[in-house]
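The values are calculated or read from the model by the stated rules, or taken from the named source; none is laboratory data. Note that this is a predicted model, so its numbers are computed, not measured. Virtual Cβ from ideal backbone geometry, glycine too; neighbours counted across all protein chains shown.
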Amino acid sequence: MFTPLSRRLLIALMGATLLPLAHAQTAPAPQGRVILTISGKIGATNQGNKMVMDMAMLEALPQHSFTTRTPWYDKPVKFTGPLLADVLAAAKASGTTVSAVAINDYAIKIPADDARKFKVVVARLMDDKPMPVRDKGPLFVVYPFDSSADLRTSTYYERSIWQLKALDIQ
Amino acid sequence: MNSEPTGLARWQPRHWAAAVGAALMVTLTPLTYIQWDQLQTMKSLKTNQVDSLLWAAYQLEREASRLTYLLHDSVSHPYQKVTGDELVERYEVFASRLPLLTRIPRRDLIENEAAYTAAVQGVTAFLEKYDPVFADPQALEQAAGTRAAIADELESLEKSLAELTREANRATSRFLDERNAQLQEQSLLVVGLAAVQTVVLLGFLWLLVTHLRRQLAQTDRLRKLSRELETARDVAEAANHGKSVFLANMSHEIRTPFQGVLGMLNLLEETGLSGQQRDYVQTARDSAQHLLGVLNDILDVSTMESGTLRLSVAPVELRHVAQDVEGLMRAAAREKGLDLAVHVDRALPSWVMADATRVRQILFNLLGNGVKFTNKGRVQALIEPIPSVPDGVRITVSDTGMGMDEATVGQLFTRFYQADNSLRRRIGGTGLGLEISRNLARMMGGDIEVRSALGEGSTFTVTLRLPATEAPANAATLTGDAPKRAARRLKVLVAEDHPINLKYMNILLEQMGHDAVFCENGQEALQLLETHLFDVVLLDYHMPVLDGLATTQAIRALPGPAGQIKVILVTADVVNDTRKRAREVGVDEFASKPLQADDLKQALMRCGLLQGEDSTDTGHADPGITATDLPGVAPVSLGGAGADVEPLTPSQWDALVPARTADAGILVDSESYVEILAMMPADTHQELLGTLFDPPEGTVHALMKDLAAGDGPRIAYNAHKLKGTAMLMGFRGIVRTAQQIEKLATDGHVRDAQALADELMDTSLRTREALRDFETPVAP
């Protein structure tokens, strides 16, 4: 069904599509259950053109903690986890916007700049305890609201997405 | 017209500040509160997102639907593998939505609704029931029947969840309505408060405008008042000035006849008076002298007040001034048994620029006071330079008198104040003396201070600024008391209507060695000037027919040398305006009235008619033409040409006085006679005595002859003539007798007059006898 020419063309086409992949580094594959999928403009992959991560991989990144007041809890809460910037760096993300998606398909666009400007954390521990899905887990993007009044606006409250499951870099 | 400010007009700036502040507080505080409240509300809206209530209810409902859908899917499409993990995850997501709703900050908006309670209880029960089931994903994967049952149960919940969403929507609407109502209420409140504030501020504005208007009106009134006051002050000052001028003129007018009264009293005393009469005359004369002093003081004060008093500054030898005053005060001091000492410091410059009359006046006043108020001890004056002050001269007058307490010292320089009221009658004085002295001292750049304690005497310190000067070339002529014979015999025309002054001036001019022709008024003076040559005219300021100024004007209008004659105006008027006017009409010089020899002499010198004389007065005078050479003019000159007679020194005076015999004292007034002796050369004197006593032409002999003949009119004429000459010479005895004879003859009692012939002869002989006492010390 394929002519030699068409086969050759196909190979060429495949080569062309694979060319970027040749540059992408192959990251280590997750051992446990995948809880975060990163796609889009990234330089590191470990599952097709995506980068998937389990809790252990996130835990392996440098951990940061801060305690802040939030609209969702009556008391200040301590959040612990890797910086969003470090997570994006792990996937060698190069886009300007991160489209974050939750388990319930809630999606919000976070400018990549936010990760540079603020100490945005992808929290995996709340008050030093893992977060179940029932309680906004397993991952929760949190801005350090107490550090600046500019952050205490609906814009940043909206960007604080919980039950995070995927990041699409655009 | 202007009442006390009332109400707002009385408000001080701090009242205004407080009122405006209070008004702003009342209106702005609620406004601020409302704004703050709104800010807080917005803040809470930001953090407690109310809309999330609706969102949470909707999400719960939606997740229930998705879970139901997935469960149904897993049952009805077994070939599409739905894993247990997927089911669990969906279940957990659903479960996670419940606390979001129950723990939402504004759940109070919905908590009490039945729909909420039903939905939450339903979901909670569902979760409690199936949590164990979803805890085991593998078992769930196998149990399709369980999944169907769960789906059914979940579907039955969805109705209440949908109701919950609607209720959440209603609650959110209610909240928004409530918030809207709150905002509206607040807006209304803000508008109301703004209105109140506007009203209050407008009120204040109105008050302020009213206040300002009232103040402007008040300022206008004040300005008007101030203008009126200024006018009133000008009027008052003009009136005061007018009064001062009037007072000065009146004092002058009173003073002139007063000189007459004094002169006449003096003459009266010389007549044959009984002891009691003499006492009366003495009292009258003392009173008159006191009155004259008062008049002089008033004149001084009024000229000071009218601002017309000017100091006439000339080189003055202070030592002489001091000696003058000392000489004048000596008699009074001696009478009270006081020591009087005037000491002039050697360091004092001999000549200073000063108004001698005024310096003398100050010194006289202070020494006079000292003598008046001291009963025992001494009065002394020290005149010395003040080294620390340029041109400074200090005169210290101290006494050992009664002294004064502090209150008295404080009021001492006040007008009409006298140290002791009870003394007023005894001691007299106007109470103006110190005020005058102080004003004079101040005009001389100094002041007077007083230091006194009760019973310890008083010390008055006068400081003056009198610049030192060179002795003038004609120094000798400017000092000395005794009138000196003129170096040049002048032909003087005197216009003087007052008989006493005429007499006085007659004697004075004789003493000075000039020839005088008298007339009664300006008109006569003009007629004489047209026909005769004179060196100088003395015009009285006040004269009938033609007064001094009018006469001067007429003289200046005369043709030829007569119009160029020197005119000296004799006036008591010290008001400088008068002098200015006089200068304008052509008056050359002034002499004060009563005329003083010194004063007249200086006036003549200033006219260039006399040269400065040597103090020795060796008389190189040109005899000139006497008045007798002038036909038709009565010869009045009694004095001869310049001769070598020196004025008597005080010591010579003292030498003369003890020489008087008791008889001489009655017959001859030694003072008058010594004066006559002093001012006449010996030969003239002898000649004068000859006109009285020498037979057959002597007046005494002529009268004796008339008495013998019984010729009434002749007796009266010669008796009058004898009386006049005797009065001039101070022959009291002859004056008395001649007066009696004249009176009797005039009254027609010739026989009675004749009876006095012997007495006349006797008196004249005894008078001549008495005169011998005076001759020895006078002879050179």
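Below, the figures for the structure above:
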{"item": "Among (1) touching a residue at least 12 places away in the same chain (Cβ under 8 Å); (2) hydroxyl-bearing (S, T, Y); (3) within 13 Å of chain B (Cβ to nearest Cβ), the one test that A:Y73 misses", "result": "(1)"}
{"item": "Any pair with Cβ under 7 angstrom, 6 or more apart, that starts in the range B:84-109 at a residue that is more than 8 Å from chain A (Cβ to nearest Cβ) and crowded, with 22+ Cβ neighbours inside 10 Å and ends at one that is part of a helix (DSSP H, G or I) and at pLDDT below 80", "result": "B:I104/B:S52"}
{"item": "Residue list for the range B:81-103, filter: among the β-branched types (V, I, T) and modelled with pLDDT under 85", "result": "B:V82, B:T83, B:T102"}
{"item": "Qualifying residue in the range A:67-78 (condition: over 26 Å from B:S96 (Cα atoms) and either surrounded by 18 or more Cβ atoms within 10 Å (Cβ to Cβ) or of a type outside the set (S, T, N, Q) (or both))", "result": "no"}
{"item": "The range B:510-564, residues that are of a type in the set (A, V, I, L, M, F, W, C), part of a loop (DSSP other than H, G, I, E, B) and crowded, with 20+ Cβ neighbours inside 10 Å", "result": "B:F534, B:M543"}
{"item": "Top-ranked residue in the range A:26-51 [being closer than 19 Å to A:A100 by Cβ and touching a residue at least 60 places away in the same chain (Cβ under 8 Å); ranked as nearest to the other protein chains (Cβ to nearest Cβ)]", "result": "A:I35"}
{"item": "Subset of the range B:491-500 that is crowded, with 22+ Cβ neighbours inside 10 Å and under 22 Å from B:M727 (Cβ atoms) - its residue that is modelled with the lowest pLDDT", "result": "B:E496"}
{"item": "B:E687 being under 20 Å from B:N506 (Cβ atoms), surrounded by fewer than 14 Cβ atoms within 10 Å (Cβ to Cβ) and modelled with pLDDT under 75", "result": "no"}
{"item": "Candidates B:V359, B:V393 - the one that is of a type in the set (A, V, I, L, M, F, W, C), touching a helix residue (DSSP H, G or I) at 6+ places or on another chain (Cβ under 7 Å) and surrounded by 19 or more Cβ atoms within 10 Å (Cβ to Cβ)", "result": "B:V359"}
{"item": "Matching entry among B:V294, B:V313, B:V235, B:V344 (being buried (at least 18 other Cβ atoms within 10 Å of the Cβ) and either at pLDDT 80 or above or not acidic (D, E) (or both))", "result": "B:V344"}
{"item": "Test: residue in the range B:162-182 that is surrounded by 14 or more Cβ atoms within 10 Å (Cβ to Cβ), within 26 Å of B:S76 (Cα to Cα) and in contact (Cβ under 8 Å) with a residue 12 or more places away in the chain", "result": "yes"}
{"item": "Members of the range B:45-63 found to be small (G, A, S) and either at pLDDT below 85 or surrounded by fewer than 22 Cβ atoms within 10 Å (Cβ to Cβ) (or both), listed by number", "result": "B:S52"}
{"item": "All strands (runs of 3 or more DSSP E) inside the range B:257-370 with 2 or more residues being among the β-branched types (V, I, T) and over 26 Å from the mean Cα position of the chain (by Cα)", "result": "B:339-344"}
